[in-house]
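Note sheet for the following structure.
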Amino acid sequence: MQKFLFMSCVALLFLCGCVQEQQVDTLNILFTGEASGELEPCGCTGMKTGGIAQRSGWIRHFRDSGGKWVLIDGGFATKKSGRQQKMKFTTYRKMLKVMEYEFSCVTQQEQNLVTVPKPYFGDFRGKKFVILRLETEQDKQQAQTILQQKSIDLVIVMARGKTSSQVSEGFPQGDFWRIFLINDAQNPITPFTPQEKTIVLSAGDRGRYAGVLRFSWEKNVFSWKHEHIAITNEHGADEKVLSILTNYKNTVKEARLLDFEIKRSTPIGYVGTDMCKSCHKKEFQSWLTKQDHSHAFATLQKQNYHHDPECVKCHVVGYEFAEGFRNWEESDYLINVGCENCHGPGARHAFDPKPGYGKTTGEMTCTVCHDKDHSPKFDYNKYREKIRHWPKNE
């Protein structure tokens, strides 16, 4: 019996040793590129990818799968300066905090809103890593100092304003791995290795995709795997993040930002699409029943964005002019994308109908809103047929 117990203990110790030897230490990095000022998916894209709320669902999904996760964000929460941009930046940072991000990049434009983040130092089972920003010459000097003074196994660099082939040039090399994440690349970049112990990649901009890097050290041999994830609503959203987003929308509404927009003037006023239907009944019915333009404003109302200047401008008539749409209370007759978006202000024509009114600038009229970011599948000739309300030979 004693011999049996002894042999059992030996076998158990042997198995434990095998398991320990076979165990792979994995560090999981989830990273996103620049938000480019978008808190939620925007545009006529069909499949809605991106947005902080949807991203929070994916983060929860990955964390539930277990393992050590480090979250890195490319920043660029705002594209411009001004009152709304400060609101948006504050909202963005609050949501990142709720999701427990380790590092978020700050662009030079945003440095007047928040302190530039210090490098983030981490330790995973004895392996030292650091995350830092590379945007200015001062950032590069700081990186050189850190890598000279500290023992680092892995350095993750958030870079902006550089091409994928240039990003690693001039950056310190040593007995450590260098990972360069390009924040402002328009589309995801598949990882490639321009130099020894160097990986360059990107998750693309506008938060549409996330990159997942899995680093392993097995018997001190470094290896890595990568995948790109489209940020869809597959995993829902974190309730706290949704609450912060709702508060932002309500704050924008209460601030009545639409009333403070600076606009240029036009000598001809706007009358609204309803005024056109008395003479153009057939064209009006085509617009009302066959075109998404006729309920463009309703799409904003469903998401509570109908008080947001950044969104409203492409869902109403004459937004850029003082005589055009101002707000829901004063100019509800100019909601939706109507006749005057394409044909121009119609007050003069409505009260004195004469030939010659209504010539458009063609594709240029459409691409003001249907740009590559917000309508990537836009094809002028195909879309033109969708809204056709004129003879086929024209």
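Of the residues Ser168, Ser151, which single one is closer than 28 Å to Asp123 by Cα, of a type in the set (S, T, N, Q), touching a Pro at 6+ places or on another chain (Cβ under 8 Å) and part of a loop (DSSP other than H, G, I, E, B)? Reasoning before the result, please.
Working: Ser151 fails: touching a Pro at 6+ places or on another chain (Cβ under 8 Å).
Result: Ser168 is the single residue among Ser168, Ser151 that is closer than 28 Å to Asp123 by Cα, of a type in the set (S, T, N, Q), touching a Pro at 6+ places or on another chain (Cβ under 8 Å) and part of a loop (DSSP other than H, G, I, E, B).
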- Looking only at the range 184-236, which residues are in contact (Cβ under 8 Å) with a residue 12 or more places away in the chain, of a type in the set (S, T, N, Q) and farther than 19 Å from Met158 by Cβ? Ser216, Thr232, Asn233
- Task: Only residues that are more than 22 Å from Phe103 (Cα to Cα), modelled with pLDDT of 60 or more and among the hydroxyl-bearing types (Ser, Thr, Tyr): list them for the range 16-55, please.
- Result: Thr49
- Hey, Val106 touching a residue at least 24 places away in the same chain (Cβ under 8 Å) and either within 16 Å of Gly33 (Cβ to Cβ) or of a type in the set (Phe, Trp, Tyr) (or both) or not: yes
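Within the range 178-192, track down each residue that is among the aromatic types (Phe, Trp, Tyr) and either exposed (fewer than 13 other Cβ atoms within 10 Å of the Cβ) or more than 19 Å from Phe103 (Cα to Cα) (or both). Steps first, please.
Let us first name the residues in the range 178-192 that are among the aromatic types (Phe, Trp, Tyr), namely 180, 192.
Selection gives Phe192 alone.
Among Asp274, Asp205, Asp175, which is in contact with a helix residue (DSSP H, G or I) (Cβ under 9 Å, 6 or more places away or on another chain) and either outside the structural domain of Asp73 (by TED's automatic domain parsing) or under 30 Å from Leu134 (Cα atoms) (or both)? Step through it out loud before you land on a result.
On the way: Asp205 fails: in contact with a helix residue (DSSP H, G or I) (Cβ under 9 Å, 6 or more places away or on another chain); Asp175 fails: in contact with a helix residue (DSSP H, G or I) (Cβ under 9 Å, 6 or more places away or on another chain).
The conditions single out Asp274.
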- Note on the structure: Scanning the range 59-83 residue by residue, those under 25 Å from Gly161 (Cα atoms) and among the polar types (S, T, N, Q) turn out to be Thr78, Ser81
- Message: For the range 332-366, which positions are touching a residue at least 12 places away in the same chain (Cβ under 8 Å) and β-branched (Val, Ile, Thr)?
- Response: Ile335, Val337, Thr360, Thr365
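Looking only at helices (runs of 4 or more DSSP H) that lie completely in the range 206-321, which have at least 2 residues being of a type in the set (Lys, Arg) and surrounded by 15 or more Cβ atoms within 10 Å (Cβ to Cβ)?
Details: elements: 239-255, 273-276, 281-290, 296-302, 309-312.
Per the criteria, 239-255.
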- What pairs can you find where one residue is in the range 120-133 and free of Cβ contacts under 8 Å to residues at least 60 places away in the same chain and assigned by TED's automatic domain parsing to the domain that holds Phe180, the other is assigned to a strand (DSSP E or B) and among the acidic types (Asp, Glu), and their Cβ atoms are less than 9 Å apart, with a gap of 6+ or different chains? Gly126/Asp25
- Query: From the set of residues in the range 342-393 that are assigned to a helix (DSSP H, G or I) and of a type in the set (Asp, Glu), which is farthest from the chain's Cα centre (by Cα)?
  - Reply: Glu385
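Of Arg55, Arg63, which residue is assigned by TED's automatic domain parsing to the domain that holds Ile156 and under 15 Å from the mean Cα position of the chain (by Cα)? Steps first, please.
Working: Arg63 fails: under 15 Å from the mean Cα position of the chain (by Cα).
Going through Arg55, Arg63 in turn, the sole match is Arg55.
Could you please find all residues in the range 171-205 being over 16 Å from Ala143 (Cα atoms) and part of a strand (DSSP E or B)?
Our first condition is that a residue be over 16 Å from Ala143 (Cα atoms); within the range 171-205, this holds for 182-197, 199-205.
Those that are over 16 Å from Ala143 (Cα atoms) and part of a strand (DSSP E or B): Ile182, Pro188, Ile189, Thr190, Pro191, Phe192, Ile199, Val200, Leu201, Ser202, Ala203.
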- Task: Quick one: count up the residues across the range 58-84 that are touching a helix residue (DSSP H, G or I) at 6+ places or on another chain (Cβ under 9 Å) and either over 15 Å from Gln109 (Cβ atoms) or surrounded by 16 or more Cβ atoms within 10 Å (Cβ to Cβ) (or both).
- Result: 9
- Does Val116 satisfy the condition of being more than 16 Å from the chain's Cα centre (by Cα), modelled with pLDDT under 95 and part of a loop (DSSP other than H, G, I, E, B)? yes
- Query: Any residue in the range 161-171 that is modelled with pLDDT of 90 or more, surrounded by fewer than 18 Cβ atoms within 10 Å (Cβ to Cβ) and farther than 18 Å from Leu213 by Cα?
  - Reply: no
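Go through the residues of the range 248-266 one by one and say whether even a single one is touching a Gly at 6+ places or on another chain (Cβ under 7 Å), touching a residue at least 24 places away in the same chain (Cβ under 8 Å) and among the β-branched types (Val, Ile, Thr). Before the answer, list the steps.
First, pick out the residues of the range 248-266 that are touching a Gly at 6+ places or on another chain (Cβ under 7 Å): none.
No, because not a single residue in the range 248-266 is touching a Gly at 6+ places or on another chain (Cβ under 7 Å), touching a residue at least 24 places away in the same chain (Cβ under 8 Å) and among the β-branched types (Val, Ile, Thr).
What tally of residues in the range 296-331 results from selecting those that are of a type in the set (S, T, N, Q), touching a residue at least 60 places away in the same chain (Cβ under 8 Å) and touching a helix residue (DSSP H, G or I) at 6+ places or on another chain (Cβ under 7 Å)? Step through it out loud before you land on a result.
As a first pass, look at the range 296-331 and keep what is of a type in the set (S, T, N, Q): 299, 301, 303-304, 327, 331.
Filter once more, keeping what is touching a residue at least 60 places away in the same chain (Cβ under 8 Å): 303, 327.
Next, from what is left, pick out any that are touching a helix residue (DSSP H, G or I) at 6+ places or on another chain (Cβ under 7 Å): 327.
Of the residues in that region, 1 qualify.
The values are calculated or read from the model by the stated rules, or taken from the named source; none is laboratory data. If you're wondering where the values come from, they're calculated on a predicted model, not measured in any experiment. Every residue, glycine as well, gets a Cβ built from its backbone with ideal geometry; the counts of neighbours run over all protein chains shown.
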